[in-house]
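The values are calculated or read from the model by the stated rules, or taken from the named source; none is laboratory data. Worth saying up front: this structure is predicted, and the values here are computed from it rather than measured. In this analysis, Cβ positions are derived from the backbone assuming ideal geometry, glycine residues included, and neighbour counts consider all displayed protein chains.
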């Protein structure tokens, strides 16, 4: 029986973050695919995450941990290997600050910019652009948000590097471009070149097809 | 020892989270009251991204976002620990701290609404509070167990601000008969000397909330012919 289990979904940026972290630390785990997008959640998932009923859930020695960023901190504290968070308390506070910024501001705005239409979309595009400007600023003099190597902020920013970029290609949105954001553009190249990232992102064609199906379903149901 | 400064705002429960953590750890600090909605140049310099309080400045380095500040305080001043040592228990504490943050708007919607909207908001707030009662608190005296911790501090506003918000909005949500354990936690939390000695004036808070609610309601469109 595997000591470490991860309840996730192939297309979820949230469970992807956990796979990146576990692989970084060299932790062996069993991945349990949850059919979340069809609202077909297993009894075990509902048992281990009764409050939110969401993936990812990490199960370690039978004990569940929920919420991707909480899991990332747990992984960093439990297993040896490359650090996910810095060691210095001030640097850790900065990492946590930017992680929250990504989660609470960037993710909702970029999601809205990708999926909404009309005036709502225009507003979301403006907001997303302002947020990207702030992110661009934080990369000054750094290869990754974590410095010379990827850290928690880079891991949590996975949705920008892969999911958002793919949606941009499908929808023709041009919010995040090399011209507008050269530092983020460079970060994208460096990030996607990291083997630990490359090997753990869902296949582009599969994700593209899944997004296209969702867009189709949304337009035909109107 | 490096200088510690806290930029805060009197009625803000978020500022008090930081005050309580600093006091529980016996950390000396200088408090600077921001005259919101006007923001001082220092505040804007220290928190250019969100332009909000609280901001902790330690040895000239600023940290923003109350829950980020709490973790920083815990790691910088390890005496009187406010988080469990066990990794899984610590993860559970962080889970509930996030829950406190995520559900803060839901627990406050009834303050911003009237009539049917308010009734709906109260129902939603009760669902959240029931989760706290059953799953977060359980049979413990505090969310952290026998002693207060960061989870209690994160929910601390429920022990004092919530009752003033209820009074201002004309609703009674947390009662001894519907949420007995949470009701008891409120009593216990307020009895802790550091908490008791570090709360805003009730009169001032009520006056502030009254003005705030009046402003919010004046923006709500009330249809004709009722």
Checklist line | Residue that is nearest to residue B:14 (Cα to Cα) [pool: residues in the range B:160-189 that are buried (at least 19 other Cβ atoms within 10 Å of the Cβ) and touching a strand residue (DSSP E or B) at 6+ places or on another chain (Cβ under 8 Å)] | finding: B:189
Notebook entry, point to check: Do the conditions hold for residue B:67, that is, is it within 9 Å of chain A (Cβ to nearest Cβ), out of contact with any strand residue (DSSP E or B) (no Cβ under 8 Å at 6 or more places or on another chain), touching a residue at least 60 places away in the same chain (Cβ under 8 Å) and buried (at least 18 other Cβ atoms within 10 Å of the Cβ)?
Noted result: yes
Next item on the list: For residue A:19, indicate whether it is touching a strand residue (DSSP E or B) at 6+ places or on another chain (Cβ under 8 Å), surrounded by fewer than 15 Cβ atoms within 10 Å (Cβ to Cβ) and not assigned by TED's automatic domain parsing to the domain that holds residue A:206.
Entry: no
Margin query: Against the definition (farther than 20 Å from residue B:136 by Cα, more than 14 Å from every other protein chain (Cβ to nearest Cβ) and in contact with a helix residue (DSSP H, G or I) (Cβ under 6 Å, 6 or more places away or on another chain)), how does residue A:55 come out, yes or no?
Written below: no
Notebook entry, point to check: Among B:125, B:121, which is in contact with a helix residue (DSSP H, G or I) (Cβ under 6 Å, 6 or more places away or on another chain), more than 9 Å from every other protein chain (Cβ to nearest Cβ) and in contact (Cβ under 8 Å) with a residue 24 or more places away in the chain?
Noted result: B:125
Notebook entry, point to check: Just checking, how many residues over the range B:52-64 are out of contact with any helix residue (DSSP H, G or I) (no Cβ under 6 Å at 6 or more places or on another chain) and surrounded by fewer than 17 Cβ atoms within 10 Å (Cβ to Cβ)?
Noted result: 2
Check: Restricting attention to the range B:176-194, does a residue exist that is touching a residue at least 60 places away in the same chain (Cβ under 8 Å) and either within 30 Å of residue B:87 (Cα to Cα) or part of a helix (DSSP H, G or I) (or both)?
Finding: yes
Next item on the list: Report yes if some residue within the range B:140-159 is within 18 Å of residue B:25 (Cα to Cα), in contact with a strand residue (DSSP E or B) (Cβ under 6 Å, 6 or more places away or on another chain) and within 13 Å of chain A (Cβ to nearest Cβ); otherwise report no.
Entry: no
Next item on the list: Select from the range A:182-222 the residues that are free of Cβ contacts under 8 Å to residues at least 12 places away in the same chain and closer than 14 Å to residue A:163 by Cα and list them in ascending order.
Entry: A:198, A:203, A:205, A:209, A:214
